[in-house]
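Computed from the coordinates by the stated procedures, all read-outs in this text should not be read as laboratory data. This structure is a prediction, so every number in the text was calculated from the model and none was measured. Because the Cβ atoms are built from the backbone with ideal geometry, glycine has one as well, and the counts that use them run over all protein chains shown.
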Amino acid sequence: MRTTRVWVAAATASLVAAALSPWATPATAGSSSGPGAPPIPPDPRPSSLGLVLEEYAQLPTSEPTPAPTDPRLVRHNRINYVGEVPDGSGRLYVPDLNGPLYLLRDGEETTYLDIKARFPDFFSGRGMGSGFGFVTFHPEFADNGKFYTVHSENQDAIATKTPTYPNQPNAFVQSVVTEWTADDPAADTFTGTQREIFRFGFTEQIHAIQQIDFNPTAEPGDEDYGLLYLAVGDGGNGVRSDEPQDLSSPAGKILRIDPFGTDGPNGQYGVPATNPWAGEEGAIGEIWAIGMRDPHRFSWDLGGKNEMYVGHIGQRAIEAVYQADAGDDFGWPDVESRLDYQNETQCRLDPMTPEQAAKGYDFPVASYAHDTPANWSCNADSGHAISGGLVHRGDLPGLKGKYVFGDLVEGKVFYTVASQMSDDRDREATIHEMQLFTTDGRRVRMPDLVGDGRIDLRFGTDSERNLYLLSKANGTIWKVVDTTRSPWPDEVEPALRKHVVAAYDFEHPFAANDAYEEDQGASRTLVQLINGGDRMRIDDGAYPGSNNSLQVHSAAESPTGTAWKAGVYEADADGVASLSRFSNAKGTTVMGWFKMTGQNPTAGYNAIGLAGVLAGNSDGHGVRALLELIQVDGELRLVALGRRLDDGSSWTYAASQPWQELLPQGEWVHLAATFDFAKGSMQLYRNGKKVKGAYTATDPWAVDGTGTSATNPRGIKIGGSFPQNGTERNPCNCRMDALMFLDDAASASEVARQYRRYLR
């Protein structure tokens with residue numbers, strides 16, 4: 001069980017809907033990589049290629065310093081990379097933002113060095129990247145024992161220690177780069193010396209120095225050999241200044257230095273003469289590329305043309321991969337990818353102006369939109385951020401030459417073809433989402449593996465080019481031991497797909513707050529898991545391929561003493577705008593899987609709520625289309641209950657068969673209710689077959705051939721009434737899976753095909 005813790009772009013806004021959703025009609029867009037390309041990239045494509053994951057190691061728990069107030073920092077630990085020590089020993093190294101540097105042999109860890117213990121001002125208690133950010137080993141480590149780390153320090157350090165370049169105004173943290181020299185490079189515990197080579201303070205605890213590294217493709221004698229790259233974020237300052245474009249500041253840049261040189265401003269490193277701005281008046285000679293917000297991860301392709309790729313975390317709209325070359329300018333904060341960025345109106349991002357397009361910025365070679373759910377503030381965490389990866393040059397079938405990366409928050413894993421990732425091409429590389437499998441063949445998502453909706457995903461490799469995935473959420477490292485091919489799961493009958501307004505399979509916790517579930521339909525409407533949060537997701541799928549379902553409870557059976565239910569509600573008369581397709585709809589279908597798990601009905605109640613769409617004037621109880629069990633002629637019956645007009649009467653179609661036979665205790669059953677408002681008919685289905693029943697009245701809908709009221713629903717209710725959590729009514733002690741809400745009355749054959757589709 002898990003542990004819990006709008007923007008607009010002209011006519012292209014519709015392209016951000018439901019990326020990779022098997023429930024919704026796929027969006028399409030052009031993919032030219034130049035300045036004239038569409039500002040919103042096409043959605044990633046589902047791939048038949050899957051990674052087979054085997055757990056390699058789980059590292060110890062660790063705690064931030066000081067204790068954090070941000071729940072996103074409360075993780076099992078904060079491991080953030082895995083690589084191999086370049087000395088032929090086979091030892092893997094893993095930094096933990098909370099301080100430890102581990103070495104691994106065959107999955108067993110040794111603490112090589114504790115960065116927190118070495119620095120009294122060490123700070124990791126605020127900011128997603130604060131603490132011990134990264135470690136890299138000199139290519140001649142086996143002989144010289146030198147390696148390099150970057151960590152953050154607190155305001156005491158800012159007050160007492162001199163930065164290499166003046167700190168940003170009102171600095172909150174400093175990033176410190178340290179050179180270490182081991183007495184014995186072969187030892188599994190560090191002893192030796194250290195010296196500071198670079199220090200810089202950032203206004204906020206975000207976007208500091210995320211990664212430092214050497215180019216592994218450079219050989220002795222090459223110009224790039226032994227030069228250290230530093231990915232320096234903007235410290236959050238890009239939204240209030242043009243500092244990432246300012247050549248006198250290191251913020252928002254990639255720097256390249258010679259750690260063995262002495263002509264840097266502090267005499268602790270050198271400035272390569274071949275750097276693009278070296279010797280330019282008013283410019284920092286260390287700068288290698290500019291115009292970045294958060295260059296989170298970078299890597300070099302060990303094959304091909306040895307290109308460098310940077311995974312760049314966007315502000316409001318785009319997660320991007322850039323091919324990085326000396327002198328590049330990614331355009332931030334003037335532009336975000338190919339969008340005009342204006343901080344005062346950042347919820348609205350428009351295409352670049354002609355003047356911006358002509359400035360010569362470098363554009364992504366691959367990107368995807370990190371759209372905000374329809375009913376979530378664009379100013380809040382969207383639950384998306386790119387985790388830059390690497391080009392696989394190992395032996396995994398089907399993966400060679402592919403750049404593997406992912407979304408670090410929600411844990412999706414993507415690939416692009418490296419040969420297509422070039423800023424010289426006129427098209428961006430296509431992004432594909434890969435499937436994930438355990439070694440016993442079970443298809444999973446990262447939330448299944450880590451037990452949390454927020455994954456904090458990272459990637460790494462070793463000298464054999466093996467690929468590793470790791471997560472802070474449970475401190476685990478997985479090795480990719482194989483690949484496999486399998487059709488992408490498509491759980492929606494094609495004839496119904498265009499009608500799916502909202503759908504919830506409880507496999508997609510919203511990564512920014514996993515007490516919400518992401519909509520896999522077209523509306524992108526989050527539903528809240530009320531009173532139980534992520535505990536309401538249960539490891540009990542209703543059908544083959546499903547791993548999770550939703551548990552709802554009455555207050556009497558709830559572990560929290562409050563009713564567990566789900567839904568969305570908007571009290572405003574305009575209703576839930578993202579559900580507008582139900583306005584004036586001529587038909588609706590509510591369907592899903594249900595399993596009774598407790599006492600039903602709950603003592604004191606004479607009805608059991610399943611799922612439905614609220615009316616346009618609903619107080620949280622009144623519905624437009626509902627699956628429920630209610631009293632009919634003094635007997636509890638399974639019903640389809642609908643209201644065509646907001647101020648009109650409801651109408652009920654009740655099953656003849658006893659509800660205990662239709663919904664036997666402890667058994668998953670697929671139910672559907674269809675509502676044809678134009679023709680004045682309803683129908684119930686159980687496991688794809690019609691359920692015999694009868695109407696309780698004669699046409700109280702006042703059918704006239706038109707649809708429902710031209711109003712948006714006030715929301716969706718699941719497992720009882722009042723999704724605004726005002727009170728308990730009609731609770732259900734049951735589980736639900738694959739709930740779907742359609743803006744059409746499905747036919748009998750469509751319902752049957754949909755049911756059979758789950759069982760394929």
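Mind listing which chymotrypsin sites (Phe, Trp or Tyr not before Pro) in the range 186-268 are in a DSSP loop and have 15 or fewer other Cβ atoms within 10 Å? If you can, show how the numbers build up before the last one.
On the way: sites: Phe190, Phe198, Phe200, Phe202, Phe214, Tyr225, Tyr229, Phe260; in loops: Phe190, Tyr225, Phe260.
Within the range 186-268, the qualifying chymotrypsin sites (Phe, Trp or Tyr not before Pro) (loop, at most 15 other Cβ atoms within 10 Å) are Tyr225, Phe260.
By the scheme Lys and Arg +1, Asp and Glu -1, what is the net charge of all other residues having a beta-carbon under 11 Å from that of Val751?
Net charge around Val751: +4.
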Percent of beta bridges antiparallel (DSSP, the chain, rounded to nearest 5): 95
Label-point separation in nm, Glu223 to Ser747, each point 7 Å along Cα→Cβ: 6.8
The chain - mean residue ellipticity at 222 nm from DSSP helices (-39,500 (n - 2.57) per run, n ≥ 4, rounded to 500): -1000 deg cm²/dmol
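Please sort by residue number the chymotrypsin sites (Phe, Trp or Tyr not before Pro) in the range 49-146 whose DSSP state is loop and whose Cβ has at most 16 other Cβ atoms within 10 Å. Could you put the intermediate results ahead of the total?
On the way: sites: Tyr56, Tyr81, Tyr93, Tyr102, Tyr112, Phe122, Phe123, Phe132, Phe134, Phe137, Phe141; in loops: Tyr81, Phe123.
Counting only loop positions with at most 16 other Cβ atoms within 10 Å, none of the chymotrypsin sites (Phe, Trp or Tyr not before Pro) in the range 49-146 qualifies.
Do any GluC sites (Glu not before Pro) in the range 485-527 lie in a loop, going by DSSP, with at most 13 other beta-carbon atoms within 10 Å of their beta carbon, and if so which?
Values: sites: Glu491, Glu507, Glu517, Glu518; in loops: Glu491, Glu507, Glu518.
For GluC sites (Glu not before Pro) across the range 485-527 that sit outside H, G, I, E and B with at most 13 neighbouring Cβ atoms in 10 Å, the list is empty.
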Set of aspartates and glutamates near Lys679 by C-alpha distance (under 14 Å), chain-local residues within fewer than 8 positions excluded: Asp699, Asp704, Asp744
Whole-angstrom Cα spans of the chain along principal axes, big to small: 91, 56, 49
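Just list whichever of Lys146/Lys402; Lys565/Lys595; Lys565/Lys690; Lys690/Lys717; Lys161/Lys472 have alpha carbons separated by over 20 Å in the model shown. Each step should come with its number before you reach the end.
Working: Lys146/Lys402 31 Å; Lys565/Lys595 15 Å; Lys565/Lys690 28 Å; Lys690/Lys717 24 Å; Lys161/Lys472 31 Å.
The answer is Lys146/Lys402; Lys565/Lys690; Lys690/Lys717; Lys161/Lys472.
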Theoretical FRET efficiency, 1/(1+(r/R0)^6), r = Cβ-Cβ of Gln660 and Ala555, R0 22 Å, to 0.05: 0.45
Pair Asp619, Asn725: separation of 7 Å Cα→Cβ label points (nm): 2.1
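Any idea what the dipole of the chain comes to, in debye rounded to 20, about its Cα centre with Lys/Arg Cβ at +1 and Asp/Glu Cβ at -1? Walk me through the numbers before you get to the answer.
On the way: 66 positive and 100 negative charges, 658 e Å.
Dipole about the Cα centre, nearest 20: 3160 debye.
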Net charge over other residues, Cβ less than 10 angstrom from the Cβ of Glu307 (K, R count +1; D, E count -1): -2
Cβ-Cβ FRET estimate between Arg105 and Ala67, R0 fixed at 35 Å, reported to 0.05: 0.60
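Let me spell out the model: positive unit charges on the Cβ of Lys and Arg, negative unit charges on the Cβ of Asp and Glu, origin at the Cα centre of the range 482-570. What dipole size does that give, in debye rounded to 20?
Numbers: 7 positive and 15 negative charges, 40 e Å.
Once rounded to the nearest 20, the dipole reads 200 debye.
In nm, what is the difference between 0.36 nm times the number of residues separating Arg427 and Lys689 and their Cα-Cα distance? Intermediate results must be reported in sequence, preceding the final value.
Values: separation 262, 0.36 × 262 = 94.32 nm, distance 4.84 nm.
Contour length minus Cα-Cα distance gives 89.5 nm.
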Anchor Lys692: lysines whose Cα lies under 16 Å away (excluding residues fewer than 8 positions away in-chain): none
For the chain, with +1 on Lys and Arg beta carbons and -1 on Asp and Glu, the positive-most of Pro163, Ser681, Pro46 along the dipole: Ser681
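For a test of the definition: using alpha carbon positions, the gyration tensor, and the 1.5 limit on a/c, classify the range 566-758 as rounded, prolate or oblate. Provide the component values of the computation, followed by the final result.
Working: a/c = 1.43, a/b = 1.18, b/c = 1.20.
Since a/c stays below 1.5, the shape of the range 566-758 is classed as rounded.
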Whole-angstrom gap from the range 223-255 to the range 62-120, using each part's C-alpha centre: 25
Computed label-point distance, nm, for sites Asp647 and Ala117 using a 7 Å Cα→Cβ extension: 7.5
Partner lysines for Lys400 [C-alpha distance under 26 Å; skip if fewer than 8 residues away on the same chain]: Lys305, Lys412, Lys479
Radius 10 Å from Cβ of Ile206, net charge of other residues (Lys, Arg +1; Asp, Glu -1): -1
